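> One structure is given below, represented as structure tokens, and several questions about it will come after.
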Amino acid sequence: MLTHCQALTQACNYCEGETLVNVLDFKKDMGLWHGVLTAVMNRIHSISVPYAVMKACPLSWVQRVHVHKARVALVKCRDLHWAMMARREQRDTSLASLRMLIVADGANPWSVSSCDAFLNVFQSHGLKPEVICPCASSPEAMTVAIRRPGVPGAPLPARAILSMTGLSHGVIRVNTEDKNSALTVQDVGHVMPGALMCIVKPDGPPQLCKTDEIGEIIINSRAGGNMYYGLPGLTKNTFEVIPVNANGVPIGEIPFVRSGLLGFVGPGSLIFVVGKIEGLLLVSGRRHNADDLVATALAVEPVKTVYRGRIAVFSVTVFYDERVVIVAEQRPDASEEDSFQWMSRVLQAIDSIHQVGLYCLALVPANTLPKTPLGGIHISDTKQYFLDGNLHPCNILMCPHTCVTNLPKPRQKQPVGVGPASVVLGNLVAGKRIAQAAGRDLGMIEDQDLVRKHQYLTEALHWRAQTDADHVLFVLLNAKGAAVSTATCVQLHKRAEKIAAALTEKGSINTGENVVLLYPPSIDLIAAFYGCLYAGCVPVNVRPPHPQNLAATLPTVRMIIDVSKAACILTTQHLTRILRSKEAAASIYKPPTAEMIAYLDFSVSTTGMLTGVKISHAAVSALCRSIKLQCELYSSRQIAICLDPYCGLGFVLWCLASVYSGHQSILIPPFELESCLSLWLSTAQPARGVNLSCVRSCVVIAEERPRLALTHSFSKLFKDVGLSSRAVSTAFGSRVNLAVCLQGTTGPDPCTVYVDMKSLRHDRVRLVERGAPQSLPLMESGKILPGVRVIIVNPETRGPLGDSHLGEIWVNSPHNASGYYTIYGEESLQANHFNTKLSFGDPLTLWARTGYLGFVKRTELLDASGDRHDALFVVGSLDETLELRGLRYHPTDIETSVSRAHRSIAESAVFTWTNLLVVVSELCGSEQDALDLVPLITNVVLEEHHLIVGVVVIVDPGVIPINSRGEKQRMHLRDSFLADQLDPIYVAYNM
């Protein structure tokens with residue numbers, strides 16, 4: 001401290017009896033060193049002007065200089081600026097007495113303009129040019145350099161006009177371009193007396209810089225700090241620096257102190273400072289000073305937009321590089337149009353002047369950024385708020401497309417010269433078997449009565465009505481948990497016959513015609529289905545929420561028949577009259593062959609397409625038998641079904657399986673679950689409270705890949721009430737085969753593997769360990785049903801693939817659908833989905849293409865026959881996948897990442913629009929969080945999937961359409977977005 005005061009006294013030539021006006025904080029830094037310590041040593045009269053007085057009267061320090069004939073004034077650039085702005089209030093002041101006007105932040109590159117402007121205004125008030133003395137200091141090195149008072153009339157020190165591009169590369173180049181890309185800096189004088197200075201490279205070992213390089217200023221002096229209190233590790237790195245030469249050899253044994261200032265030594269040993277290490281942003285190998293970027297932003301006429309010039313600049317690490325973020329406070333009266341005009345101009349200015357792209361530019365309401373004790377912006381807190389999603393901007397502009405330039409090159413698929421036969425041969429040579437798996441044999445039925453019962457479901461219902469009339473097949477639950485309707489075999493049989501009579505009376509309907517069922521989920525839906533089969537009609541199942549799709553697919557709908565006033569049946573293909581009598585008996589229709597169509601299964605896929613597939617009587621019977629064998633269904637077994645009853649496996653379990661197998665189905669309509677989420681729990685021993693120990697199998701059914709995390713969480717949640725973790729499994733089915741995999745009551749536990757996500761994007765499977773970065777957990781899709789064979793095929797060459805290779809899942813089974821239904825006669829276009837053959841290998845077997853990607857892996861577990869178990873893993877639907885940058889992405893993977901980005905994201909969905917990735921996220925928090933989601937979503941998709949998000953749409957909860965199976969209808973969402981029907985909270989178009 002003593003040495004420092006002596007050095008300051010010598011450098012500033014302090015004399016006893018001088019008067020010093022101090023505008024700085026006298027408790028620290030320059031205010032303490034000059035205004036207190038050095039003043040005491042030299043018996044200087046020190047006059048302190050508090051900050052509060054300065055805010056009230058910016059000219060107060062100038063008045064003190066005038067009144068007390070002060071010889072020295074200690075100020076910052078802001079004090080010069082404020083005094084200059086307030087000069088009109090008082091004109092009879094004189095600054096002729098000043099011999100030193102010490103500018104404490106003169107090392108700041110902006111200071112030169114403030115000094116010039118202040119001199120220009122106050123030179124007429126006696127201020128002499130040579131008295132302006134900028135200086136440089138830091139808490140560690142204390143005063144680094146200060147300009148000595150000049151001799152009256154002597155030429156002023158020269159300025160350095162440097163190239164901004166050169167500075168970003170760490171070299172000194174005199175600017176020869178336009179003035180916009182130049183940085184003018186003033187010197188901060190010479191090194192302090194008794195000190196030794198070096199310039200070293202700011203990163204890596206402290207290697208001495210060449211004379212044309214920018215580096216960190218380090219000081220050896222007794223007049224500096226020597227440690228951080230209580231931080232020995234940081235102390236060694238900062239206070240014990242030994243410079244090295246180009247070969248890494250130390251140039252001496254003298255320890256230097258890092259000043260944290262960037263600069264160089266100019267002509268005449270003058271020191272120039274161009275910024276601070278603390279504000280240095282290293283972007284793509286180039287260094288940019290945060291203060292320079294702030295100065296550029298402030299130069300873009302921010303008067304209408306930015307509140308009191310409050311701007312923060314920092315960088316965040318996104319996708320292996322630093323990205324520049326600018327946050328500014330917006331004036332309360334600024335319009336959105338003015339704000340976006342200013343933001344777009346700032347983008348252009350920083351790009352042209354600094355040749356760096358902005359990642360994010362955000363405007364927040366006035367006075368909301370975290371502040372330092374003296375009222376400045378707390379940069380590190382602001383950065384943390386941004387990363388945590390707590391910044392709450394009111395306007396935001398993201399430009400990832402322009403600044404993220406280090407993405408991997410897009411994948412270009414090369415034409416494969418290797419044929420499917422060579423692939424098979426290569427797998428055999430490598431010791432890999434063909435990726436195929438099969439369920440157990442269906443076996444033979446010898447009893448003639450059982451043959452008759454199993455051939456047609458109408459006969460099965462008739463047989464049950466005669467042999468086991470009192471047995472309850474169905475129980476329907478409402479939201480209160482009570483059975484609101486039960487139907488015995490006889491009741492169901494009678495209702496079906498009644499409906500058959502109503503349809504066939506007086507020729508209103510002909511055999512083979514289509515009848516569309518629009519029933520609510522009730523026992524009458526089941527009765528109506530069997531009534532149609534009795535009458536020889538082909539029932540079409542259509543989910544009620546999509547009547548508009550019905551009109552598009554079946555445009556010849558003509559009439560409504562009211563049956564028992566329970567619901568409605570729509571008939572198609574010709575105009576018929578309303579039936580007057582419904583009581584006439586109907587004879588049971590017997591199809592001439594089991595290959596005739598039993599019903600058409602219509603459903604809306606997750607891509608928004610309404611399609612119907614033909615299900616024959618033989619396929620219905622085979623499917624029911626396969627499910628019965630897999631799940632060991634018999635009359636005492638109870639199954640609670642919480643599925644959509646209109647199509648797919650849900651329809652089979654609601655309407656068909658009970659009649660075939662004779663077990664009791666407890667039917668829980670999806671809309672009842674909305675009212676009482678725990679309704680299905682009441683089916684497990686409700687009299688004694690919830691006890692799930694009796695549940696032998698809990699199967700999750702969805703078209704999309706099941707969420708493993710959700711399944712595991714479900715198991716843990718209900719573990720305390722007896723649910724076994726091995727009881728929870730998933731099922732897999734498709735349009736061509738309603739049930740491929742379904743976990744039964746026996747068999748090995750479902751296994752889980754972890755797949756590298758990067759390899760999946762390249763249509764490859766690479767298994768990794770649990771916890772590996774970029775790993776995706778996949779759960780086995782149940783156990784393959786009896787009678788079903790599965791093979792993994794290359795969808796392009798149609799050749800079989802090896803074990804653990806990713807390809808399309810093909811299925812051969814007696815319950816495959818027989819084709820798509822269309823009224824336009826274009827079945828042949830899609831015929832190969834149901835009857836196709838391998839291009840190599842087995843030339844005879846007919847396969848159905850499921851349209852799903854997956855792989856087969858042989859496990860160490862044993863199945864019932866004692867052989868090693870083959871597990872089938874479903875990765876996702878081919879129709880759902882997104883082709884971006886030549887890679888294949890599954891929407892659910894991106895959506896899972898997005899949902900983790902912020903606590904306020906309830907659900908999300910992604911789709912593509914003109915080669916842009918669109919992310920729609922539902923906001924479950926406050927609307928002030930809406931804009932916080934935009935950068936976080938962009939960040940997480942970049943980091944985890946190497947994709948740039950084009951549009952981020954923030955919507956209210958419930959906007960993303962989800963069907964009763966929990967699957968997102970992304971194409972409906974896309975259509976709503978393009979038709980401007982979403983009514984979003986905010987839409988961000990990333991530039």
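> With outside any helix (DSSP H, G or I) and at pLDDT 90 or above as the only criterion, which of Pro393, Pro415, Pro408 stands out?
Just one listed residue meets the conditions, Pro393.
> Starting from the stretch 276-288, keep only residues that are under 19 Å from Val144 (Cα atoms), then list their pairs with residues that are open to solvent by 40 Å² or more (accessible area, probe 1.4 Å) whose Cβ atoms are within a distance under 6 Å, requiring at least 6 positions of separation or different chains.
From residues that are under 19 Å from Val144 (Cα atoms), the pairs are Gly279/Asp291.
> Could you list, ordered by first residue, the pairs with Cβ atoms under 6 Å in which the first is in the stretch 490-505 and within 13 Å of Cys537 (Cβ to Cβ) and the second is hydrophobic (A, V, I, L, M, F, W, C) and in a helix (DSSP H, G or I), at least 6 apart or interchain?
That search, which allows pairs on different chains as well, returns Ala496/Ala527; Ile499/Ala528.
> Moving on to the next point. Kindly indicate whether Ala930 is more than 30 Å from Ser315 (Cβ to Cβ) and buried (at least 18 other Cβ atoms within 10 Å of the Cβ).
Answer is no for this residue.
> Another question about this same structure. For Lys857, all conditions in the list (1) within 25 Å of Thr730 (Cβ to Cβ); (2) in contact with a Lys or Arg (Cβ under 9 Å, 6 or more places away or on another chain); (3) among the basic types (Lys, Arg) hold save one; what is the number of the exception?
The number of the failed condition is (2).
> Okay, moving on. Any residue at all in the stretch 960-976 that's modelled with pLDDT under 95, more than 30 Å from Val736 (Cβ to Cβ) and not charged (D, E, K, R)?
Within the stretch 960-976, not a single residue is modelled with pLDDT under 95, more than 30 Å from Val736 (Cβ to Cβ) and not charged (D, E, K, R).
> Test Val987 against the stated conditions and say whether it is crowded, with 20+ Cβ neighbours inside 10 Å and part of a strand (DSSP E or B).
So Val987 does not fit the description; no.
> Do we have Met84 as at pLDDT 95 or above and not assigned by the TED database to the domain that holds Leu183 here?
Taking the combined requirement at face value, the residue does not satisfy it.
> Another question, if that's okay. Is it the case, given these coordinates, that Met100 is closer than 29 Å to Ala223 by Cα, open to solvent by 20 Å² or more (accessible area, probe 1.4 Å) and not basic (Lys, Arg)?
Considered against the rule, which asks whether it is closer than 29 Å to Ala223 by Cα, open to solvent by 20 Å² or more (accessible area, probe 1.4 Å) and not basic (Lys, Arg), Met100 comes out as no.
Table: residues versus (1) open to solvent by less than 10 Å² (accessible area, probe 1.4 Å); (2) in the same structural domain as Ile353 (by the TED database).
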{"site": "Phe264", "(1), (2)": "no, no"}
{"site": "Leu270", "(1), (2)": "no, no"}
{"site": "Phe319", "(1), (2)": "yes, yes"}
{"site": "Glu322", "(1), (2)": "no, yes"}
{"site": "Val325", "(1), (2)": "yes, yes"}
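> Can you pull out every residue in the stretch 612-642 that is open to solvent by 30 Å² or more (accessible area, probe 1.4 Å), more than 21 Å from Tyr456 (Cα to Cα) and under 42 Å from the mean Cα position of the chain (by Cα)?
Passing the criteria: Gln638, Ile639, Ala640, Cys642.
> Inspect all residues belonging to the stretch 305-313 and state whether any of them is surrounded by fewer than 16 Cβ atoms within 10 Å (Cβ to Cβ) and touching a Ser or Thr at 6+ places or on another chain (Cβ under 9 Å).
Within the stretch 305-313 (the criterion being surrounded by fewer than 16 Cβ atoms within 10 Å (Cβ to Cβ) and touching a Ser or Thr at 6+ places or on another chain (Cβ under 9 Å)), the answer is no, since none of the residues qualifies.
> Do you know which residues across the stretch 288-304 are at pLDDT 90 or above and in contact with an Asp or Glu (Cβ under 9 Å, 6 or more places away or on another chain)?
Ala290
> So the check is Cβ under 9 Å with 6+ separation or different chains; which pairs have a first residue in the stretch 894-908 that's assigned by the TED database to the domain that holds Val959 and over 19 Å from Gly950 (Cβ atoms) and a second one that's among the basic types (Lys, Arg) and open to solvent by 40 Å² or more (accessible area, probe 1.4 Å)?
Thr896/Arg707
> Next question, about the same structure. Look at Ser168 and say whether it is touching a Lys or Arg at 6+ places or on another chain (Cβ under 6 Å) and in the same structural domain as Phe264 (by the TED database).
So Ser168 passes the test.
Conditions (1) closer than 20 Å to Cys655 by Cα; (2) assigned to a helix (DSSP H, G or I); (3) at pLDDT below 70; (4) open to solvent by less than 40 Å² (accessible area, probe 1.4 Å), marked per residue:
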residue: Ala465; (1), (2), (3), (4): yes, yes, no, yes
residue: Lys494; (1), (2), (3), (4): yes, yes, no, no
residue: Ile561; (1), (2), (3), (4): no, no, yes, yes
residue: Leu575; (1), (2), (3), (4): no, no, yes, no
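> In the stretch 132-164, which residues are in contact (Cβ under 8 Å) with a residue 40 or more places away in the chain and open to solvent by 40 Å² or more (accessible area, probe 1.4 Å)?
Pro139, Arg148, Pro149, Pro157, Ala158, Arg159
> Separate question: On the given criteria, is Gly252 without any contact (Cβ under 8 Å) to a residue 12 or more places away in the chain, open to solvent by 20 Å² or more (accessible area, probe 1.4 Å) and assigned to a loop (DSSP other than H, G, I, E, B)?
yes
> Ok, one more. Which condition number in (1) more than 30 Å from Asp388 (Cβ to Cβ); (2) touching a Leu at 6+ places or on another chain (Cβ under 7 Å) is the one that Ser269 fails?
For Ser269, the exception is condition (2).
> Hey, another quick one. If you check Val690 against the conditions, is it at pLDDT below 80, open to solvent by 50 Å² or more (accessible area, probe 1.4 Å), under 30 Å from His833 (Cα atoms) and of a type in the set (A, V, I, L, M)?
No; evaluated as a whole, the condition is false for this residue.
> Which residues, taken from the stretch 936-979, are assigned to a helix (DSSP H, G or I), open to solvent by less than 20 Å² (accessible area, probe 1.4 Å) and either among the basic types (Lys, Arg) or over 24 Å from His762 (Cα atoms) (or both)?
Within the stretch 936-979, Leu936, Arg970, Leu973 meet the criteria.
> Next up: Among the listed residues Val53, Val36, Val65, Val49, which satisfies the condition of being within 57 Å of the chain's Cα centre (by Cα), under 17 Å from Phe118 (Cβ atoms) and of a type outside the set (Ser, Thr, Tyr)?
Val49
> For the stretch 211-220, state whether one or more residues are outside any strand (DSSP E or B) and either open to solvent by 30 Å² or more (accessible area, probe 1.4 Å) or assigned by the TED database to the domain that holds Val356 (or both).
yes
The values are calculated or read from the model by the stated rules, or taken from the named source; none is laboratory data. Quick caveat: nothing in here was measured; it's all calculated off a predicted structure. Counting neighbours? That spans all protein chains shown, and the Cβs are built from the backbone with ideal geometry, glycine included. These accessible areas exclude ligands, DNA and RNA; they are computed on the full protein's heavy atoms, side chains included. Shrake-Rupley method; radii C 1.70, N 1.55, O 1.52, S 1.80 Å.
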